Amino acid sequence: MTHVLVLRALGLGDLLTAVPALRGLRRAWPGSRVTLAAPAALGHWLASLGVVDDTVEVDGLEEHPRFLTAVGRPAVAVNLHGRGPQSHRLLARLGAGRLLAFASEEASHDGPPWRSDEHEVDRWIRLSTSAGGRATAEDLRLPEPGPRAGHVVVHPGAASASRCWPVDRWAAVAAALAAQGCRVVVTGTRAEAGRCAVVAGAAGVEDRCGRETFAALARTVGTARLLLSGDTGVAHLATAFGTPSVTLFGPVSPALWGPRVDGDVHRVLWRGGPQDLRPGNPHGNDVDERLAAIGVAEVIEEAERLLWDAQAVRGAPPPTTVADSSSSDA
């Protein structure tokens, strides 16, 4: 049996964009054992869904002696982490029979060229197909975690301040949807508890921030009527599960990180130009100006359209129009 070791020691959104490539690698080496090197909770979750066979914990690219010994010497090492050279060199230490990775002059590796203007999903598909693995964006889909429920998820946080829409605007959106009769739940990580508490408290809705396991969060998003968030990991959960979503982008364009399937049930809001793919710092300490230019009223409008579309399919009436005082920009 061929042992394929895949490195993707990044967060939720990064991991989900690589799911088609992971499936392509399994097709490139049929009958192989695919081990994913990733943060433990995320890796075990994907293994439970059958996307990979097992996982070894790696969080970041610091030298990990346990990682180097735990995986042994795989037949194939695959770098789905980045362009190198640090990630290339870490995998090279495994002594694999083959290293599949993008070209890196610094790491003396010859592979497919890196393209900075390529969608993240397509980039890793291209790497896997270079090894003979069939994959398309349709491979993003994951098994639904349960039947569609009636709640709407508002996720106001993100890993960096530059991707966090102002919290008072999220509170206004949550309050407007709650006023229409939507059962709104606020989600987030423990580090985002302060932001979530402001949103939930101002809107008078349920706060689940930091109170769910990762599997429970996935179920909350995967069974929701609608997700509203910034450009962060849960938006990719919505793509994987087919949950309708409204995603607010900045400072990175949706042309690089937006949903790649089911365009009819996902709405993206972006104030950059078509050629401005990365006009700001995705790890910055201040909210990006393009994200800040998005107003409360337009977020509510897009949410209403998706809720109306879903209800129209079932023959139910559209949601009540939000009063002007609720939909004005905060």
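Given the rule -39500 (n - 2.57) for each run of at least 4 DSSP H residues, summed and divided by the residues of the chain, what is its mean residue ellipticity at 222 nm, to the nearest 500 deg cm²/dmol?
Numbers: 14 runs with 121 residues, N = 330.
Mean residue ellipticity at 222 nm (helix-derived): -10000 deg cm²/dmol.
To one decimal place, what Kirkwood hydrodynamic radius in Å is obtained for segment 167-322 from all pairs of distinct Cα atoms? Before the final figure, lay out the partial values.
Details: mean 1/r = 0.0622 Å⁻¹.
By the Kirkwood definition, the hydrodynamic radius is 16.1 Å.
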For a quick size check, give me the Cα extents of the chain along its three principal axes, largest first, whole Å.
64, 39, 32
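With the contact rule set at Cα under 8 Å and sequence spacing of 6 or more, what percent relative contact order holds for segment 151-327? Show your work: numbers first, answer last.
On the way: 353 pairs, mean separation 45.3, N = 177.
Averaging sequence separation for qualifying contacts and normalising by length gives 26 percent for segment 151-327.
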Using only Cα atoms and rounding to the nearest 10 degrees, what angle (0 to 90) does helix 296-314 make with the longest principal axis of the chain?
90 degrees
On the formula 1/(1 + (r/R0)^6), with r taken between the Cβ atoms of Ala197 and Ala40 and R0 of 22 Å, the FRET efficiency rounded to 0.05 is 0.20
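Let me spell out the model: positive unit charges on the Cβ of Lys and Arg, negative unit charges on the Cβ of Asp and Glu, origin at the Cα centre of the chain. What dipole size does that give, in debye rounded to 20? Working shown, then result.
Working: 33 positive and 36 negative charges, 220 e Å.
So the dipole magnitude of the chain works out to roughly 1060 debye.
Full-extension gain between Phe214 and Ala179, please, as 0.36 nm times their residue separation minus the C-alpha to C-alpha distance.
Details: separation 35, 0.36 × 35 = 12.60 nm, distance 2.89 nm.
That pair, Phe214 and Ala179, stretches by 9.7 nm at full extension.
Output the relative contact order of the chain, whole-number percent, from Cα pairs under 8 angstrom with separation of 6+ residues.
Working: 710 pairs, mean separation 52.8, N = 330.
The value is 16 percent.
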Relative contact order of segment 1-145, defined on C-alpha pairs under 8 angstrom at six or more residues apart (%):
30 percent
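Mind checking the dipole of segment 1-116: about its Cα centre, +1 per Lys or Arg Cβ, -1 per Asp or Glu Cβ, Debye to the nearest 20? Display every interim value, and only then the final one.
Working: 12 positive and 10 negative charges, 80 e Å.
Charge dipole of segment 1-116: 380 debye, to the nearest 20.
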By how many degrees, between 0 and 90 and to the nearest 10, does the Cα long axis of helix 193-203 differ from the longest principal axis of the chain?
30 degrees
Considering only DSSP beta bridges with both partners in the chain, what is the antiparallel share in %, to the nearest 5?
5 percent
Could you work out how far the C-alpha centroid of segment 75-154 sits from that of segment 190-261, in angstrom?
24 Å
Taking the dipole of segment 77-234 about the Cα centre (Lys, Arg +1; Asp, Glu -1; charges at Cβ), the one of Leu94, Gly132, Ala216 that reaches farthest to the positive side is Ala216
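Take each of the peptides 117-124, 55-62, average the number of other beta-carbon atoms within 10 Å over its residues, and list them starting from the highest. Display every interim value, and only then the final one.
Working: 117-124: 19.4, 55-62: 16.6.
Averaged packing, sorted descending, gives the order 117-124, 55-62.
Where a number appears in this text, it was derived from the coordinates with a stated rule and is not lab data. For clarity, every value in this text was computed on a predicted model and none was experimentally measured. We place every Cβ from the backbone using ideal geometry, glycine too, and count neighbours over all the protein chains shown.
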